[in-house]
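Working notes for the structure below.
Derivation of every value follows stated rules applied to the coordinates shown; laboratory data play no part. Because the structure is a prediction, the values reported are computed rather than measured. FYI the Cβ positions are ideal-geometry reconstructions off the backbone, even for glycines, and counts take in every protein chain you see.
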Amino acid sequence: MDYCYTTPSGNPNDDIRYDLFLSCDKDPQTTIFENGKSQMGRFSFEVFRFVKHKNQKMSTVFLHCVTKLCRSDDCPYLTPTCHNRERRDAVLKTTFTPQSISGNAVVSAGPIITRSDETPTNNSQLAQSSNPNFQINSVTSALISGVVILGATSFCFFIFSLTLLSKKKQNSLVLCGVQNPSFN
């Protein structure tokens, strides 16, 4: 990955963006675990809100990364070697846009949704703040009813089968265990 950034919309060309890392230069809140050593890249960043969402209860963040596809033999040649001079040069590249590089692909993910402090943050708070009357939609109700009916029918069939088998065994014992004196 050459460049990863976030936007408040799903558009990778959005003018509002926050750079996570560009080559060797990275945001202090971004940690790169693996990049360029294999065909997998892993990093993390501290989630934030865009200023344009400051008065909203929920904020969306979309992640975009400019990537280069490589064969496993060629990947090490594409990774940046980060020395002080190259870091200074990377900082100077302020006009970097996804369209300015050929042979790359932009991979996007999101939305990552963040909530303001006033909104519930965990499931127990969400459960307490929701309507105390438990409501089930019609599809869920139909599925539960179908499973209960199927279970009851299966149980009845099982009991009926056991009853028939036990009667058959009793009849066969009566016929097998009796000696007929006329055949002696």
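A compact table of results
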item	result
Among the residues listed as G36, G41, the single one being surrounded by 11 or more Cβ atoms within 10 Å (Cβ to Cβ) and in contact with a helix residue (DSSP H, G or I) (Cβ under 8 Å, 6 or more places away or on another chain)	G36
Positions within segment 22-32 being part of a strand (DSSP E or B) and over 16 Å from A109 (Cβ atoms), in sequence order	L22, D25, K26, T31, I32
Of all residues making up segment 2-21, the number that are over 21 Å from the mean Cα position of the chain (by Cα) and part of a strand (DSSP E or B)	5
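Okay, residues lined up against (1) more than 22 Å from T114 (Cβ to Cβ); (2) loosely packed, with under 12 Cβ neighbours inside 10 Å; (3) touching a residue at least 12 places away in the same chain (Cβ under 8 Å):
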{"position": "T7", "(1), (2), (3)": "no, no, yes"}
{"position": "P12", "(1), (2), (3)": "no, no, yes"}
{"position": "I16", "(1), (2), (3)": "no, no, yes"}
{"position": "D19", "(1), (2), (3)": "no, no, yes"}
{"position": "S23", "(1), (2), (3)": "yes, no, yes"}
{"position": "E46", "(1), (2), (3)": "no, yes, yes"}
{"position": "H53", "(1), (2), (3)": "no, no, yes"}
{"position": "V61", "(1), (2), (3)": "no, no, yes"}
